[in-house]
Amino acid sequence: DLIKSASQGTFIKEVRFLEETESTNKSALTMAYHGAPEGTAVIADAQTAGRGRLGRLWISPPGKNIYVSLILRPAIDPSSASQITLVAGVAVAEMLNTYCPGRIELKWPNDVLANGRKLCGILAESRVTAEKVEYVVVGIGINVNMEPGHFDESIRGIATSIRMEAGAEIPREEVVARLFLSLDRIYRLYLETGFGAIREKWLDCSGMIGKDITVSSPDGLVKGTVVGMGAEGQLMYLHE
Ligand code: BTN
């Protein structure tokens with residue numbers, strides 16, 4: 001099928017489809033722990049306990065969206081592991097730009113927005129030792145065919161989908177196929193040339209420079225203005 005043929009020649013070597021699982025990240029983490037190789041992907045039609053950032057739930061109804069997790073085993077320094085989220089963000093943003101040209105924006109570290117509303121979330125979970133990144137599971141949730149009424153009231157005003165932005169129902173397999181091609185291109189670029197090129201692309205897709213933000217720091221909430229991204233992927237901001 002479309003997804004299998006798109007994966008040919010990419011680093012994605014095996015794709016597992018599940019009707020329903022608690023969380024594709026959880027499934028992929030278990031598989032990685034038991035030795036599943038880089039390039040193993042888990043896709044589910046529905047999740048019963050989809051994981052969001054900061055312990056939040058990612059609402060994951062069947063038949064509408066994409067919930068996918070990929071096992072990566074990059075030969076990078078453990079201190080660079082957080083860059084993987086940014087690598088995935090660039091790949092997703094470039095792919096989504098083909099459906100919603102000029103409207104996609106990245107928000108540090110892992111949100112992908114269209115017209116300021118959340119279209120996709122990324123959650124990387126990893127096992128890292130002092131010397132080595134054992135594996136990183138990159139989980140990507142993309143709202144594909146959701147309509148306003150499908151979203152939980154609590155997020156209706158801040159969420160969107162490809163369908164809502166592009167004005168047409170989109171086959172999920174096509175989005176997954178394009179996502180895999182985009183991830184392959186950007187991940188290879190990262191492994192072969194380092195974080196510099198990813199940083200440039202991330203900044204191109206980010207509407208954050210010059211914006212006022214509030215961040216939580218060891219000293220509590222701090223207000224500042226975003227001025228850029230450090231060479232390692234840190235958000236750089238000036239205190240108010
Ligand atoms: C966020 O809070 O913005 C991150 C959401 C990540 C959701 C995806 S859906 C596929 C994968 N499996 C999960 O349990 N979470 C991620």
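The values are calculated or read from the model by the stated rules, or taken from the named source; none is laboratory data. Keep in mind it's a predicted model, so treat the numbers as computed, not measured. No Cβ is skipped: glycine too gets one built from the backbone with ideal geometry, and neighbour counts run over all protein chains shown. Keep in mind that these areas ignore ligands, DNA and RNA; they rest on the heavy atoms of the full protein, side chains included. Shrake-Rupley method; radii C 1.70, N 1.55, O 1.52, S 1.80 Å.
So Ile66 fits all but one of (1) within 14 Å of the ligand (Cβ to nearest atom); (2) aliphatic (A, V, I, L, M); (3) closer than 22 Å to Pro148 by Cβ; (4) in contact with a Cys (Cβ under 8 Å, 6 or more places away or on another chain); what number is the exception?
So Ile66 meets the others, but not (4).
In the stretch 30-40, what residues are surrounded by fewer than 23 Cβ atoms within 10 Å (Cβ to Cβ) and either in contact (Cβ under 8 Å) with a residue 24 or more places away in the chain or within 21 Å of Lys4 (Cα to Cα) (or both)?
Met31, Tyr33, Ala36, Pro37, Glu38, Gly39, Thr40
Just to check your reading of the model, which residue among Ala49, Ala44 is surrounded by fewer than 17 Cβ atoms within 10 Å (Cβ to Cβ), touching a helix residue (DSSP H, G or I) at 6+ places or on another chain (Cβ under 9 Å) and either hydroxyl-bearing (Ser, Thr, Tyr) or in contact (Cβ under 8 Å) with a residue 24 or more places away in the chain (or both)?
Ala49
Can you report the number of residues in the stretch 118-176 which are within 16 Å of the ligand (Cβ to nearest atom), in a helix (DSSP H, G or I) and either modelled with pLDDT under 95 or open to solvent by 70 Å² or more (accessible area, probe 1.4 Å) (or both)?
3
Please go through the stretch 71-112 and pick out each residue that is more than 18 Å from Ala41 (Cβ to Cβ), in contact with a Ser or Thr (Cβ under 8 Å, 6 or more places away or on another chain) and open to solvent by less than 30 Å² (accessible area, probe 1.4 Å).
Restricting attention to the stretch 71-112, the residues satisfying the condition of being more than 18 Å from Ala41 (Cβ to Cβ) are 75-83, 86, 90, 93-94, 96-112.
In the following step, the residues that additionally are in contact with a Ser or Thr (Cβ under 8 Å, 6 or more places away or on another chain) were identified as 78, 81, 94, 105-110.
Hits for the stretch 71-112 are Pro78, Ala81, Leu106, Asn110.
Being assigned to a strand (DSSP E or B), away from the ligand (no atom under 11 Å from the Cβ) and of a type in the set (S, T, N, Q) is the filter here, so list the residues in the stretch 23-63 that pass it.
Once the filter is applied, which keeps residues that are assigned to a strand (DSSP E or B), away from the ligand (no atom under 11 Å from the Cβ) and of a type in the set (S, T, N, Q), the stretch 23-63 yields only Thr40.
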